[in-house]
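The values are calculated or read from the model by the stated rules, or taken from the named source; none is laboratory data. Remember, predicted model here, so these are calculated numbers, not experimental data. Cβ placement follows ideal geometry from the backbone for every residue including glycine, while neighbour counts extend to all protein chains displayed.
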Amino acid sequence: MNKKQRHQLATLIRRQNAPAAEVLRARIILGLAAGASYQQLSGRLGSSSATISLWRKRFEEDGVAGLRSRHLGSEASVLTPELRAKVIRRALDRPTDGSTHWSCRKLAAAMKLGKSLVHRVLQEADLKPHQLERYMASPDPDFETKAADIIGLYMNPPQHAAVFCVDEKTAIQALDRLDPVLPLSPGRAERHGFEYFRHGTLSLYAALNTATGAVTGKTTARHTSPDFVAFLEELVAACPGDQAIHVILDNLSAHKTKLVAEFLAANPRVQLHYTPTYSSWLNQVEIWFSKIERDLIARGVFTSVNDLARQIARYIRQYAKRAKPIRWQYTDLRRRYTA
């Protein structure tokens, strides 16, 4: 070590704004020059022998310049309006690696930017490439007329008339577990065995009274037009003889047969209101179907088709005790034209 190098190292140590890592390296080199051993320097400076050997080698190769850090990190990116627009534009395009969508890390790597910066831009622009929403557009040319008719029955039903939402839930499986069900316990969820035995299927006809929320149900082996008409006859028989009945239902072919036309001719107080094509979401009974699916069918264990029918009937009876009418609220005006 010459005098110039010794002076540079001493000056580096005295600098108040010098990087701590470079100061430590300077002390290592000065200590070696003063005759200190690796063991002494390790105890004094808290550095390992490998670290001391590394910086001694770099000093011998490059002098004082060899003590500077070689990895200064990535350059800071200033989020300018131009850069923000570039990130948004790239996020709207498909990735070129064959994948279907961007992730923050993938987009950041493609644009050679920091992940946090890209995440900030996407968050501010409310862009979520990782999410997907599905929709169903109705091709029905009379969509608005039919939808207004049904919503009118919900919001302003005819006086002294009964309004029912009717549909069928088909192919409900009577699944029985081959292994015992392990019950819920602290720290452990209820567990079902992977293997099951299917005893068969049945269909459930349901009519939801929009005024009370109560449901009338009937299980059948199939879902044919005669089954549908038989259910309507039971529904009509349960209503007062002079009461008008409005039935909201979908466009299933079994709902539009000659047998249905004959039933309507024999029961002039019954009027059917068909939902627009691909718009079963307008039928409130679908909400109840999703509820019984969650509450009973999805996790139920049924020893036979008859057992399945009994449990469904019991659920409907218990539901009647707490039934409430469904109140729709439409609050997201951004989705004015979507379902």
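Looking across Leu252, Leu272, Leu264, Leu308, one residue alone is out of contact with any strand residue (DSSP E or B) (no Cβ under 7 Å at 6 or more places or on another chain) and assigned by TED's automatic domain parsing to the domain that holds Asp227. It is Leu252.
Of the residues making up the range 180-201, not a single one is in contact (Cβ under 8 Å) with a residue 12 or more places away in the chain, part of a helix (DSSP H, G or I) and under 30 Å from Ser138 (Cβ atoms).
Which one of these is β-branched (Val, Ile, Thr), within 23 Å of the chain's Cα centre (by Cα) and over 30 Å from Ala238 (Cα atoms): Thr96, Thr100, Thr80? Can you show your working first?
Values: Thr96 fails: within 23 Å of the chain's Cα centre (by Cα); Thr80 fails: within 23 Å of the chain's Cα centre (by Cα).
None of the others qualify; the one that does is Thr100.
Checked against (1) in contact with a Lys or Arg (Cβ under 9 Å, 6 or more places away or on another chain); (2) closer than 17 Å to Phe164 by Cα; (3) of a type outside the set (D, E, K, R), Val301 passes all but condition (2).
Of the residues making up the range 4-22, just one is part of a loop (DSSP other than H, G, I, E, B) and either among the charged types (D, E, K, R) or on the phi > 0 side of the Ramachandran plot (or both), namely Arg15.
Count of the range 168-194 residues, restricted to those that are farther than 30 Å from Val247 by Cα and exposed (fewer than 14 other Cβ atoms within 10 Å of the Cβ), is 16.
Within the range 11-31, residues that are farther than 19 Å from Ser53 by Cα reach partners that are part of a helix (DSSP H, G or I) with beta carbons closer than 7 Å, at six or more positions or on different chains, in the pairs Leu12/Glu22; Leu12/Val23; Leu12/Ala26; Ile13/Val23; Ile13/Ala26; Ile13/Arg27; Ala18/Leu12.
Taking into account only those residues within the range 40-96 that are among the basic types (Lys, Arg), surrounded by 10 or more Cβ atoms within 10 Å (Cβ to Cβ) and not in a helix (DSSP H, G or I), which is modelled with the lowest pLDDT?
In this case the residue turns out to be Arg68.
Of the residues making up the range 165-192, those that are within 30 Å of Val270 (Cβ to Cβ) and among the hydroxyl-bearing types (Ser, Thr, Tyr) number 1.
If only residues of the range 313-327 that are closer than 18 Å to Tyr205 by Cα and of a type in the set (A, V, I, L, M, F, W, C) are counted, the one that is surrounded by the most Cβ atoms within 10 Å (Cβ to Cβ) is Ile316.
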